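The values are calculated or read from the model by the stated rules, or taken from the named source; none is laboratory data. Source: prediction; values computed, not measured. Neighbour counts run over all protein chains shown; Cβ positions are idealised from the backbone, glycine included. Accessible surface is based on the protein model in full, side chains and every heavy atom, while ligands, DNA and RNA are left aside. Shrake-Rupley method; radii C 1.70, N 1.55, O 1.52, S 1.80 Å.
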Amino acid sequence: MKKLLSILILPLILFGYKIEITEWGKGNTFFGFLQKYHIPYSLYYNLDKKTQKKISYISSKTTIYILEEGDNLKQALIPLDENSQLQIVKRGKKYKTAIVPINYVEEEHFASVNIKNFLSYDIYQATQNPYLSSKLANIFNDRINFKFLPKNTKIDIYYKTKSRFGKVIGVDIIYSKIKNRLYNISAYKWTDGRYYDQNGRSLKGMFLPYPLKFKRISSYFGMRYHPILHKKKMHDGIDLVNKIGTPIHSVAEGKVIYKGWLGGYGNAIKIKHKNGYITLYAHLKGFAHIRKGQWIKQGQVIGYLGNTGLSTGPHLHFGVMKNGKWINPLKIKKSAKITLYGAKRRKFKKFVASIQKDIEEKVAIK
């Protein structure tokens, strides 16, 4: 594929041209896109296999850029992942393609908000950012019950935004502090992606409480009468019931060590975590776009709830192994917090000092 120079088109010189910044619709396909703009299907087949695969996974609501002259497409920019996009340019009667980087506008912000009404409303009024309150709640929800947040709670937030074509598509909270008569808790995002307080203690445990949203637990850890085998058998996990297709998340970061059919477990995934832990997700309908050997982030979607293998109805069998022995998954809900020690702690303390200095400078400028 030949490289093309990225074309910068300014509205002031767009006489006769029309710019459309739109979203990739649900159910849209690349072939449908080509057909809509009268582009030969050969453009797809001339792409390399890696790009073809990425095109098939374009998610709905992805922002795409279209430049038209009359009924003719002159240029299109279609994101393939966070960092690259497919550029289609019409040169004469032919269409050329290239993979070009996505240029984002990144900005840093600091906000100090007093909660007088409720969290999401007051933060949005102060920042005009619809994503901050949910991200903030996710950071602190192991320490703070936001349903009973006292009025006049003061919240400081130091965050970065990432925008494309004027639309904010990413928000990253670097530091936040929540202070009231009940709490005085700070959160700093460290290089491992976790949030720690000023003393280097993580705000969350190593594991999420559960790998999905579920309606009920239909079977607990321990000996039980097996509904299909009709005999007493050790149940080495818990069964979480919901509808088929419910997304399944990894409860902790780790490496995929198994993905595939696993006997009575049906479609299953095993992930190896730190400190001798392995988690099992079984009876899946199907898998997310993951592979064996891949490193998975905490909370990442890995598959979808199903009814495969020896199963009497749609549910997830969730198992946890510690040093080669199955343990009760309900006991990891309140797993110990992670604490930074030694050289990591010293580096973290320097990071905390640098963040506080940045904030003081931003407040002084205001």
Taking the range 204-218 and keeping residues of a type outside the set (V, I, T), free of Cβ contacts under 8 Å to residues at least 60 places away in the same chain and not in a loop (DSSP other than H, G, I, E, B) leaves R216
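Which is in contact with a strand residue (DSSP E or B) (Cβ under 6 Å, 6 or more places away or on another chain), within 30 Å of N103 (Cβ to Cβ) and of a type outside the set (D, E), of K189, K232, K215, K177?
Working: K232 fails: within 30 Å of N103 (Cβ to Cβ); K215 fails: within 30 Å of N103 (Cβ to Cβ); K177 fails: within 30 Å of N103 (Cβ to Cβ).
Matching residue, one of K189, K232, K215, K177: K189.
Collect the residues in the range 244-287 that are under 18 Å from M206 (Cβ atoms), of a type in the set (D, E, K, R) and in contact with a Phe, Trp or Tyr (Cβ under 8 Å, 6 or more places away or on another chain), keeping them in residue-number order. Steps first, answer last, please.
Pass one, the range 244-287, residues under 18 Å from M206 (Cβ atoms): 249-257, 270-281.
Next, only the ones that are of a type in the set (D, E, K, R) stay: 253, 255, 270, 272, 274.
Within the range 244-287, E253, K255, K270 meet the criteria.
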Quick one: H230 ticks every box in (1) open to solvent by 60 Å² or more (accessible area, probe 1.4 Å); (2) outside any strand (DSSP E or B); (3) modelled with pLDDT of 85 or more bar one, so which box is it? (3)
Can you report the number of residues in the range 86-126 which are surrounded by 12 or more Cβ atoms within 10 Å (Cβ to Cβ) and part of a helix (DSSP H, G or I)? 7
Go through (1) modelled with pLDDT under 95; (2) open to solvent by less than 70 Å² (accessible area, probe 1.4 Å) one by one and return the number of the condition Q35 breaks. (2)
So, of the residues in the range 268-280 that are open to solvent by 30 Å² or more (accessible area, probe 1.4 Å) and touching a residue at least 24 places away in the same chain (Cβ under 8 Å), which turns out to be nearest to P247 (Cα to Cα)? I278
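Among I169, I217, which is under 23 Å from Q300 (Cα atoms), open to solvent by 60 Å² or more (accessible area, probe 1.4 Å) and aliphatic (A, V, I, L, M)? Working first, answer last.
Details: I217 fails: open to solvent by 60 Å² or more (accessible area, probe 1.4 Å).
Step by step, each of I169, I217 is checked, and only I169 is under 23 Å from Q300 (Cα atoms), open to solvent by 60 Å² or more (accessible area, probe 1.4 Å) and aliphatic (A, V, I, L, M).
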Some residue of the range 66-80 being modelled with pLDDT of 85 or more and at positive phi: no
Those residues of the range 63-85 which are outside any strand (DSSP E or B) and among the polar types (S, T, N, Q) amount to N83
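To keep it simple, each residue is scored yes or no on (1) open to solvent by less than 50 Å² (accessible area, probe 1.4 Å); (2) touching a helix residue (DSSP H, G or I) at 6+ places or on another chain (Cβ under 7 Å); (3) on the phi < 0 side of the Ramachandran plot; (4) outside any loop (DSSP other than H, G, I, E, B).
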residue	(1), (2), (3), (4)
K147	no, no, yes, yes
K154	no, no, yes, yes
I173	yes, yes, yes, yes
I185	yes, yes, yes, yes
Y188	yes, yes, yes, yes
S202	yes, no, yes, yes
M223	no, no, yes, yes
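Take the residues of the range 31-62 that are in a helix (DSSP H, G or I) and of a type in the set (S, T, Y): which is nearest to I169 (Cα to Cα)? If you could, list the steps in order and put the result at the bottom.
The initial filter retains those residues of the range 31-62 that are in a helix (DSSP H, G or I), namely 31-36, 42-45, 49-55.
Checking the rest, the ones that are also of a type in the set (S, T, Y) come to 42, 44-45, 51.
Working: S42: 32, Y44: 27, Y45: 30, T51: 23 Å.
Checking each candidate, the answer is T51.
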Residues in the range 127-139 that are open to solvent by 80 Å² or more (accessible area, probe 1.4 Å) and over 20 Å from Y195 (Cα atoms): how many? 2
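Can you tell me which residues in the range 246-260 are touching a residue at least 40 places away in the same chain (Cβ under 8 Å) and either more than 23 Å from K213 (Cβ to Cβ) or touching a Lys or Arg at 6+ places or on another chain (Cβ under 6 Å) (or both)? Outline the logic, then answer.
Quick first cut of the range 246-260, residues touching a residue at least 40 places away in the same chain (Cβ under 8 Å) only: 246-256.
Listed by number, the residues that qualify are E253, G254, K255, V256.
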